[in-house]
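My questions will all concern the structure given below.
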Amino acid sequence: MKRFSRLEFGDRNGAGKKKADGQEIRDEEYFRQQAVRFWLAAEFELALRNYSRALERNSMLFEAWLGQVLMLIELREYPEAMVWADKALELFPEHPDLLAAKAVACSRDGRREKALAYSDNSISKENAGSRVWLARSEVLLRRNSRVAETCLSKAVGMASQDSAQVRLEAGRLLNRTGSHGSALEYLRAAVEALPKSALAWYELGCCQAKLGRAEAEAAFEHTLKLRPDWEQARTALRRFKKRGILRKIFRI
């Protein structure tokens, strides 16, 4: 589904307004922060809308352009993510984070050679940061490369103020690719630093469940306290409890 009109010319209500009690003006930074908050709650569609609203207020806000691409990837709209990455690259030519995002979109869409080419390009840039190496790790993991986890460690090591989010992404990546033991350390660090993130708690629960750890139940329950309406987490909790009942029956 095409998103250009909706993302660029969406709802403008609340632009520049200030609440009577003196709370934040709804400027680009307000909507950027809202987008991050929704991402950490695994509400990717709402995060996407807020990045769009940030761009309505400042069309040159790089974080919002990149955020839109990343949320389209989260929503599995890979061709749209690549289109928006190209649109952003017109404003920020050869930016390594955008090239890395394209690499991830291609990789998840099954275009492995293109993914590697974009990743090669991104790491060749002088200002390649943690997100570039995170994407590099994903591309290499999907190619069963032994270098992938080294790239992941490099991404985490390079992260500064967003290190908790990078650890969360590292754990999610390892979860997706079946390296649950390696994912556990990253995800534990993520929930410690981001205790209000439903996404972090959910990923930790999934990791623990795959490892057969009883703590998964508590992680899923905490996820639902943070986001009671998340059916995906509710289903995961139900399946884990059912597995525990079956194990007890089998042992009997």
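Past the 21 Å Cα-Cα mark, which pairs from K196/K241; K87/K125; K102/K125; K114/K154; K87/K154; K87/K114?
K196/K241; K114/K154; K87/K154
A follow-up question, please. Using the basic label-point model (7 angstrom from Cα toward the beta carbon), what is the N144 to K210 distance in nanometres?
Between N144 and K210, the simple spin-label model gives 1.7 nm.
Let me spell out the model: positive unit charges on the Cβ of Lys and Arg, negative unit charges on the Cβ of Asp and Glu, origin at the Cα centre of the chain. What dipole size does that give, in debye rounded to 20?
Dipole of the chain, to the nearest 20 debye: 1300 debye.
Here is a further query. What ranking of V139, V147 emerges when the number of other C-beta atoms within 10 Å of each C-beta is taken as an exposure proxy, fewest first?
So the ranking, lowest neighbour count to highest, is V147, V139.
Just subtract the alpha-carbon distance of E231 and M158 from 0.36 nm times their residue separation and send over the number in nm, one decimal.
Difference between extended and current length: 22.8 nm.
Grab every C-alpha pair in the chain, bin the distances at 5 angstrom width from 0 up to the longest one, and report whole percents.
With a bin width of 5 Å, the distribution comes to 1, 6, 12, 16, 18, 16, 13, 9, 5, 2, 1, 1, 0.
Give me the angle, in degrees from 0 to 90, between the Cα long axis of helix 112-123 and the longest principal axis of the Cα atoms of the chain, rounded to the nearest 10.
Taking the Cα atoms of the chain, the angle to 112-123 is about 60 degrees.
Determine the principal axes of the Cα atoms in the stretch 159-252, then give the extent along each, sorted from largest to smallest and rounded to whole angstroms.
51, 28, 18
Want the number for K241 to E113: 0.36 nm per residue separation, take away the alpha-carbon distance, what's left? Spell out each step's value before the answer.
Details: separation 128, 0.36 × 128 = 46.08 nm, distance 4.10 nm.
Answer, rounded to one decimal: 42.0 nm.
OK, next. Among S197, W230, A164, flag the residue with its Cα farthest along the positive direction of the charge dipole of the stretch 159-252, charges on Cβ as +1 for Lys/Arg and -1 for Asp/Glu.
The residue sitting most towards the positive pole is W230.
Provide I25, I123, I73 in ascending order of the number of other Cβ atoms located within 10 Å of each residue's Cβ, fewest first.
I25, I123, I73
Also, I was wondering about something else. To the nearest 10 degrees, how steep is helix 62-74 against the longest Cα principal axis of the chain, on a 0 to 90 scale?
Once rounded, one gets 40 degrees.
Please name which of C207, Y186, L174 has its Cα lying farthest along the dipole of the stretch 159-252 towards the positive end, using unit charges on Cβ (Lys, Arg +1; Asp, Glu -1) and the Cα centre as origin.
Positive-most Cα among the choices belongs to C207.
What list do you get for M82, M71 if you sort them by fewest beta carbons within 10 Å? Don't jump to the answer; show the numbers that get you there.
Values: M82 21, M71 25.
Fewest-to-most Cβ neighbours within 10 Å comes out as M82, M71.
To test your reading of the geometry: what angle, between 0 and 90 degrees and rounded to tens, separates the Cα axis of helix 215-226 from the longest principal axis of the chain?
Approximately 40 degrees, to the nearest ten.
Continuing with this model, one more query. State, as an integer percentage, the relative contact order of the stretch 168-212 based on alpha-carbon contacts under 8 Å between residues 6 or more apart.
Across the stretch 168-212, relative contact order equals 40 percent.
Taken together, the values in this text are just the output of simple stated rules run on the coordinates, not laboratory data. Please read all numbers here as calculations on a predicted model, not as lab measurements. Every residue, glycine among them, receives a Cβ derived from its backbone with ideal geometry; neighbour counts consider all protein chains shown.
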